[in-house]
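Note sheet for the following structure.
Here, each number is a calculation from the coordinates, and none is a lab measurement. All values derive from a computational prediction rather than experimental measurement. Here Cβ is always computed from backbone atoms with ideal geometry, including for glycine, and neighbour counts include all displayed protein chains.
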Amino acid sequence: SSILAARAFSMAASGFGGGDTFRLSAAPGAGALKLHKGDITLWTVDGATDAIVNAANERMLGGGGVDGAIHRAAGSELVEACRKVPEVKPGVRCPTGEARITPAFKLPVSRVIHTVGPIYDMDKHPEVSLKNAYENSLKLAKENGIQYIAFPAISCGIFRYPPEEASKIAVSTAQQFSDDIKEVHFVLFSDDLYEIWRKTAQEMLSQF
Ligand code: AR6
């Protein structure tokens, strides 16, 4: 039944059903924003040009939450690839707000983009750091020819970012890339988060 669930999710993620779809801008040919509830490790649209984003920490060697799920699903080659990412200072491979890219190994997508969102109560300007995390992930996707990208709700778990505020930053930053990326997906892990993202997208974007 978990195989069936995975297939159903992958079909939904591929646009064959489920989820809500919005336009990132009114321009002809502009990209779309799609929402799903589920497990991001099962998501794929086009294995050659897609990527999922990991909500990592600065060490970039795995952790709990979605980071743990992504490392488990990708296999141990992922942590080895992460270890090869150069440290910019001792123990820091990806400073808060930046992004790094690796292969995806056993995941169904081509790449993993690792980004680090702010720890909400410890960051002086968490809204700037969160925007940077989304923006640098999307820039890296564009530079690497990624056409389909899926984000989790960065910082909304262990890092305690209030999800309503986070969803506005997520959607407005995705809008900036409407000419560059075909589809920006958000894979939300609970009904509550899904509803928050849906409400924000409805307020900020027009629906297909
Ligand atoms: N698919 C989609 N979303 C998920 C999944 C999944 N499989 N699993 C959890 N989420 P978090 P953060 C949701 O805590 O707040 C790690 O230890 C989760 O419900 O994963 O950025 C890292 O190593 C929440 O809505 O990431 C860092 O140390 C969202 O993903 C730290 O946690 C993000 O929650 C990063 O904390």
Original post:
Can you tell me which of Val85, Val53 is under 16 Å from Val109 (Cβ atoms), touching a strand residue (DSSP E or B) at 6+ places or on another chain (Cβ under 7 Å) and within 16 Å of the ligand (Cβ to nearest atom)?
Top reply: Val53
Subject >> Sole exception among (1) in a loop (DSSP other than H, G, I, E, B); (2) farther than 15 Å from Ser155 by Cβ; (3) more than 14 Å from the chain's Cα centre (by Cα) for Gly68, by number >> reply: (1)
Subject >> Residue count, region 44-65 (criterion: farther than 18 Å from Gly117 by Cα and in a helix (DSSP H, G or I)) >> reply: 0
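Based on this model, can you work out whether Val92 counts as touching a Gly at 6+ places or on another chain (Cβ under 9 Å) and within 14 Å of the ligand (Cβ to nearest atom)? Steps first, please.
Working: touching a Gly at 6+ places or on another chain (Cβ under 9 Å): no; within 14 Å of the ligand (Cβ to nearest atom): yes.
Judged against the criteria, Val92 is not a match.
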Subject >> Positions within region 102-130 being surrounded by 18 or more Cβ atoms within 10 Å (Cβ to Cβ) and either of a type in the set (A, V, I, L, M) or more than 13 Å from the ligand (Cβ to nearest atom) (or both), in sequence order >> reply: Thr102, Ala104, Leu107, Val109, Ser110, Arg111, Val112, Ile113, Val116, Leu130
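Within region 79-106, how many residues turn out to be hydrophobic (A, V, I, L, M, F, W, C), in a loop (DSSP other than H, G, I, E, B) and within 24 Å of Ala166 (Cβ to Cβ)? Full working, then the answer.
Pass one, region 79-106, residues hydrophobic (A, V, I, L, M, F, W, C): 79, 81-82, 85, 88, 92, 94, 99, 101, 104-105.
So of that shortlist, the ones also in a loop (DSSP other than H, G, I, E, B) come out as 85, 88, 94, 104-105.
In the following step, the residues that additionally are within 24 Å of Ala166 (Cβ to Cβ) were identified as 94.
Residues that pass the stated criteria total 1.
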